Amino acid sequence: MHQSPPRRSAPIPLPPYTPGRGMLATIKIVLFAVCLIPAVRLATALLGDNLGPNPIEELQKDLGFWTLTFLWITLAVTPLRQLTGQHWLVRLRRMLGLFAFFYGCLHFANWLGLDMGFDGELIVDDLTKRPFAILGFATLLLMVPLAATSSNRAIKWLGGKRWQALHRSVYAVAILGMVHYLWGVKKIALTTPLIFAALLAVLLGYRAWDRARRFTPAGRGEPPGGMPRVVPTVTVQPVRFMERPK
């Protein structure tokens, strides 16, 4: 008599990894050093005259590239945290967002100093007559309050709801920055900007899907028909997205 092979038991999911305080500090130090690598390489290339025939334009382009790269990585933290269950990743988001602002400031400083030569007339002319420059400046201005309110003290001062409402403007920053990037490249060099646009569409599309899912009856745990499910009242410990410094 033929015997069926024994049924394999379902794999037991591994619990999410939570680094200890010392390991998390090490991860942050390594991440900080890694995030500085593009700035160091660009500074070395500029001082060594290795940025090509038009170094100022090349530097401007590269700094803009890294601004959007770090902004996209910052936006990717939440989907990664939700999809992998590694909730500790949210503790790296602040540093990544600040590095996006850091490279944005370098991008602006390069335009202000090396490109415009701190010439007030040229600067005003660019910021009043060139929509491309106006859009980039507006994007940086929107990043300023996000960077200024990235501390735990700012969260406490503003309150959680107002802080979250303010930081949702990061989506506007990403969209404006993307348009600024597309506007500033030549048609023959659209490959990288289009890849950035596709990644942004995925990141924002995921957030729209997740938000819609949470507001459906199934996402709220309600049975079909719209009648809310009665669940017993329990006491739960709230999740802190940013730990208060010791």
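The values are calculated or read from the model by the stated rules, or taken from the named source; none is laboratory data. None of these values were measured; they are calculated from a predicted model. With ideal geometry, Cβ positions are generated from the backbone for all residues, glycine too; neighbour counts draw on all protein chains shown. Keep in mind that these areas ignore ligands, DNA and RNA; they rest on the heavy atoms of the full protein, side chains included. Shrake-Rupley method; radii C 1.70, N 1.55, O 1.52, S 1.80 Å.
For the reader, a short list of remarks on this structure follows.
- Checking every residue in the stretch 76-98 against the condition of being within 30 Å of LEU24 (Cα to Cα), surrounded by fewer than 13 Cβ atoms within 10 Å (Cβ to Cβ) and among the β-branched types (Val, Ile, Thr) gives at least one match.
- Considering residues of the stretch 129-161 that are closer than 13 Å to TYR181 by Cα and not aliphatic (A, V, I, L, M) only, the residue surrounded by the fewest Cβ atoms within 10 Å (Cβ to Cβ): PRO131
- Set LEU142, LEU146: member being touching a His at 6+ places or on another chain (Cβ under 7 Å) and either among the charged types (D, E, K, R) or within 17 Å of LEU75 (Cα to Cα) (or both): LEU146
- Residues of the stretch 99-128 classified as of a type in the set (Gly, Ala, Ser), open to solvent by 40 Å² or more (accessible area, probe 1.4 Å) and in a helix (DSSP H, G or I), total: 2
- Test: residue in the stretch 166-175 that is farther than 18 Å from GLY136 by Cβ, modelled with pLDDT of 90 or more and part of a helix (DSSP H, G or I): yes
- Every residue from the stretch 181-216 that is surrounded by fewer than 14 Cβ atoms within 10 Å (Cβ to Cβ) and small (Gly, Ala, Ser): ALA189, ALA198, ALA201, GLY205, ALA208, ALA212
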